[in-house]
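The values are calculated or read from the model by the stated rules, or taken from the named source; none is laboratory data. These figures come from a predicted structure and were not determined experimentally. Note: ideal-geometry Cβ built from the backbone for every residue, glycine included; neighbour counts use all protein chains shown.
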């Protein structure tokens, strides 16, 4: 198993979900390459990235699936969120419909995702305050009620993007049962691959 | 990128492989002779084309596989796809769709317009002619077929076409493809549940196992399946994130021979990188399947490899199997639904 001595290094499959044009690919690009492109090409199918993050003295390697946002591509999504240790559900703070869609994604994860998945709600495009349609309060309350991490992010200005991934990593590390590396944590369940192996004894999905 | 969207400036602007000899050296004499042959085959405004294809289909196939001269590409694409006939049978229809109808997808289309080939000069300018044409074609299609509407991915098809023809011509070519004027319809790529994507991916997965058993096994061990890397190949016919010179040559063949070539090119890419891919663990394998090395992208290397991979008969058999499996699943789900009631 890839997790090294003391469980200080681990793999986590993370999926980005959310309506088209909310900035999922931009969030990943900011996190992985610290770049931003004004006109990011639409994602067709899904894109894959990996990036390691060190929090305190533990490191988490994120295997990230960035999905196509349009409703029509919905049928491809379960493959990417199944067995995921974490999910970021993105909406655009200037677009109410994208927030409604984000709630639907959260419901879907609650109903069909793995029980231990850490879910973060990201109100992206936080730099466009003048066009804001979704209040931070409303989103925060929704996140609290549903046990989600919540941040308003701006991939453009690099606001809260790496912070969000750090918080996710922290939560994943905390959830890791101490002294029991073969426990039910999704973080340790899939050390050498991002997909749960059929032979896995402890799949919670 | 050496694309000339107007198609003017024949020899000078023709696409890389078309204008160069075997060693990549520019050979004006050969290129001019090639274009002359093509012009003769087409006739004035396409008048001799059908006759020629009927008489010498294999010559046409061979010439298309070598690449359609860039200055004739727009016209030939319309002839081989059957879109020219659709255009002539439906005068004024496109204008009606663009000007007088409204579409539920308008906002979705606008959202994606500046995200389609964002680095290509023709589509770069905000609200410029490229973006406006792209909007009109996609909006017209979303009205023409309201069930399918607009789906992300269509923009790359329409965008590629618009580099070679007018809006109205591009629209009818899109119709010819999705409704199946010459080959089987492709609208299933974009319908709810993406049925045709699912079918193609299951066929492709099986072909990989059969053509490259070791690689197929490696994919299963690493839990990599084609939907992780090949869905965009089918959804956009390689127009998404592949270099234009390669995409154009694939499209030449695709429009004449059908979707088979997408399978062949996909398999050729895997074959070309086989020995590398087989060594990679999941987290390196998936990125490698999305970023093939530059030398694999040379159409004069990749396409001959692709054509040497025979898939037609297997594709038909696999299609039958897929159909049976789906019917089985359908029966199962309907019978279980009945039981619930």
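Just one of the listed residues (B:265, B:197) is in contact (Cβ under 8 Å) with a residue 24 or more places away in the chain, away from every other protein chain (no Cβ under 14 Å) and assigned to a helix (DSSP H, G or I), and it is B:265. Screening segment A:41-60 for residues that are out of contact with any helix residue (DSSP H, G or I) (no Cβ under 7 Å at 6 or more places or on another chain) and away from every other protein chain (no Cβ under 14 Å) and picking the one that is surrounded by the most Cβ atoms within 10 Å (Cβ to Cβ) gives A:59. Checking the structure you have, find out if any residue of segment B:238-253 is in a helix (DSSP H, G or I), within 14 Å of chain A (Cβ to nearest Cβ), in contact (Cβ under 8 Å) with a residue 24 or more places away in the chain and in contact with a helix residue (DSSP H, G or I) (Cβ under 6 Å, 6 or more places away or on another chain). Scanning segment B:238-253 turns up no residue that is in a helix (DSSP H, G or I), within 14 Å of chain A (Cβ to nearest Cβ), in contact (Cβ under 8 Å) with a residue 24 or more places away in the chain and in contact with a helix residue (DSSP H, G or I) (Cβ under 6 Å, 6 or more places away or on another chain). The set of residues in segment A:17-50 being in contact (Cβ under 8 Å) with a residue 40 or more places away in the chain and within 28 Å of residue B:197 (Cβ to Cβ) consists of A:17, A:18, A:19, A:20, A:21, A:22, A:23, A:24, A:25, A:26, A:27, A:29. Restricting attention to segment A:61-79, the residues that are touching a strand residue (DSSP E or B) at 6+ places or on another chain (Cβ under 9 Å) and facing chain B (nearest Cβ under 9 Å) add up to 8. Residue count for segment B:202-237 under the criterion of being assigned to a helix (DSSP H, G or I) and within 14 Å of chain A (Cβ to nearest Cβ): the result is 16.
Identify all residues within segment B:89-107 that are within 14 Å of chain A (Cβ to nearest Cβ) and either within 16 Å of residue A:40 (Cβ to Cβ) or out of contact with any helix residue (DSSP H, G or I) (no Cβ under 9 Å at 6 or more places or on another chain) (or both); write none if there are none. B:107, the sole residue that qualifies. If I go through segment B:111-125 residue by residue, how many of them are outside any loop (DSSP other than H, G, I, E, B) and more than 10 Å from chain A (Cβ to nearest Cβ)? Residues in segment B:111-125 being outside any loop (DSSP other than H, G, I, E, B) and more than 10 Å from chain A (Cβ to nearest Cβ): 2 in total. Taking the stated definitions as given, is residue A:21 surrounded by 17 or more Cβ atoms within 10 Å (Cβ to Cβ), touching a helix residue (DSSP H, G or I) at 6+ places or on another chain (Cβ under 6 Å), under 19 Å from residue B:285 (Cα atoms) and at the interface with chain B (Cβ under 8 Å from one of its Cβ atoms)? Criteria not met by residue A:21. Filtered by the rule that a residue be surrounded by 15 or more Cβ atoms within 10 Å (Cβ to Cβ) and in contact (Cβ under 8 Å) with a residue 60 or more places away in the chain, segment B:268-277 gives B:270, B:271, B:277. Against the criterion of being farther than 23 Å from residue B:290 by Cα and surrounded by 24 or more Cβ atoms within 10 Å (Cβ to Cβ), residue A:100 does not qualify. Residues in segment B:282-314 that are exposed (fewer than 13 other Cβ atoms within 10 Å of the Cβ) and either assigned by TED's automatic domain parsing to the domain that holds residue B:64 or closer than 19 Å to residue B:219 by Cα (or both): B:291 only. Every condition in (1) in contact with a helix residue (DSSP H, G or I) (Cβ under 7 Å, 6 or more places away or on another chain); (2) within 14 Å of chain A (Cβ to nearest Cβ); (3) assigned to a helix (DSSP H, G or I) is met by residue B:79 except one, and the failing one is (2). Looking across segment A:128-154, the residues that are out of contact with any strand residue (DSSP E or B) (no Cβ under 6 Å at 6 or more places or on another chain) and assigned to a loop (DSSP other than H, G, I, E, B) come down to A:128, A:132, A:133, A:134, A:135, A:146, A:147.
How many residues does segment B:152-161 hold that are touching a residue at least 40 places away in the same chain (Cβ under 8 Å) and within 12 Å of another protein chain (Cβ to nearest Cβ)? So the count comes out to 6. For residue A:38, state whether it is in contact with a helix residue (DSSP H, G or I) (Cβ under 7 Å, 6 or more places away or on another chain) and either within 8 Å of another protein chain (Cβ to nearest Cβ) or under 24 Å from residue A:99 (Cβ atoms) (or both). When the stated conditions are applied, residue A:38 does not pass them. For segment A:155-195, a residue qualifies if it is out of contact with any strand residue (DSSP E or B) (no Cβ under 6 Å at 6 or more places or on another chain), farther than 16 Å from residue A:115 by Cα and at pLDDT below 95, and the qualifying residues are A:178, A:179, A:180, A:181, A:182, A:192, A:193. For segment B:126-151, filtered to residues that are closer than 20 Å to residue B:259 by Cβ, in contact with a helix residue (DSSP H, G or I) (Cβ under 6 Å, 6 or more places away or on another chain) and not in a helix (DSSP H, G or I), the residue that is nearest to the other protein chains (Cβ to nearest Cβ) is B:151.
Checking each residue in segment A:116-127 for being under 20 Å from residue A:62 (Cβ atoms) and in contact with a strand residue (DSSP E or B) (Cβ under 6 Å, 6 or more places away or on another chain) picks out A:117, A:118, A:119, A:120, A:121, A:122, A:124.
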